[in-house]
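Rule-based calculations on the coordinates, nothing more; no lab input. Small disclaimer: the values here were computed from a predicted structure and weren't measured. Glycine gets a Cβ as well: all are built from the backbone with ideal geometry, and neighbour counts include every protein chain shown.
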Amino acid sequence: MPDGGTSLTLHVPMRWGDMDAYGHINNVEILRILEEARIHAFGPPAGTGLPGVEVAQPIFSELEADVQALVVEHRVRYLAPLNYRNVPAVIRIWISAVKGASFTVAYGIFDPVTEAKCVIAETVLAFFHEPSGTLVRLTAGNKLQLEKLRGPANFKA
């Protein structure tokens, strides 16, 4: 858990097909696990899929239908192999930065059996108004929701 901040703890299943020839979760599949954690934490974008379980902070699902949450950047550091297990990986997720038109989601991925921290990562996201092709500035309400999960950065700039 980040020091001094609040994080969400999520459990994301590892799939058999996520494994590489060494029995580790493939590096490309780590990004899928990060995506699943974001959707579990913040909800699916408006207009996609059917309602499901309640999420902690429905930031994405409260967006207007013509606004998209887009990935601007991923940073991933592999600390130890995440071995395939038939139990979900443990993901801790929090917000490490909030700017005018973007925010950064930070993650820790832990082995569900050994509790070893295997991956640290950050994803910079921005809201994009598709019809006009412009970025959408975060509202005061967006910033308030995001600040509830504020914690330290995984990477120094």
Only four residue types carry charge here, +1 at the Cβ of Lys and Arg and -1 at the Cβ of Asp and Glu. Report the dipole size of the chain about the Cα centre in Debye, rounded to the nearest 20. 440
Considering the options Gly43, Val113, Met14, tell which one lies farthest towards the positive end of the dipole of the chain, charges being +1 on Lys and Arg and -1 on Asp and Glu at the Cβ, about the Cα centre. Val113
Summed over the other residues with a beta carbon less than 10 angstrom from that of Leu10, with K and R at +1 and D and E at -1, the charge totals +1
Which whole-Hz ³J(HN,Hα) couplings does region 82-93 yield from phi under the Karplus relation 6.51 cos²θ - 1.76 cosθ + 1.60, θ = phi - 60°, glycine and proline marked x? 9, 6, 4, 9, 8, 9, x, 5, 9, 10, 9, 9
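Is the C-alpha gyration tensor of region 8-147 telling us rounded, prolate or oblate? Criteria: a/c under 1.5 is rounded; beyond that, a/b larger than b/c is prolate, otherwise oblate.
prolate
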Per the rule of 0.36 nm per residue minus the C-alpha distance, extending Val72 to Ala101 adds in nm 9.3 nm
Around Gly100, under 13 Å between beta carbons, what's the net of Lys plus Arg minus Asp minus Glu among the other residues? +3
Given the -39500 (n - 2.57) contribution per DSSP H run of 4+ residues, what per-residue ellipticity at 222 nm results for the chain, rounded to the nearest 500 deg cm²/dmol? -4500 deg cm²/dmol
Filter the trypsin sites (Lys or Arg not before Pro) in region 101-157 to those in DSSP coil with at most 14 other Cβ atoms within 10 Å of their Cβ, and list the result. Arg137, Lys148, Lys156
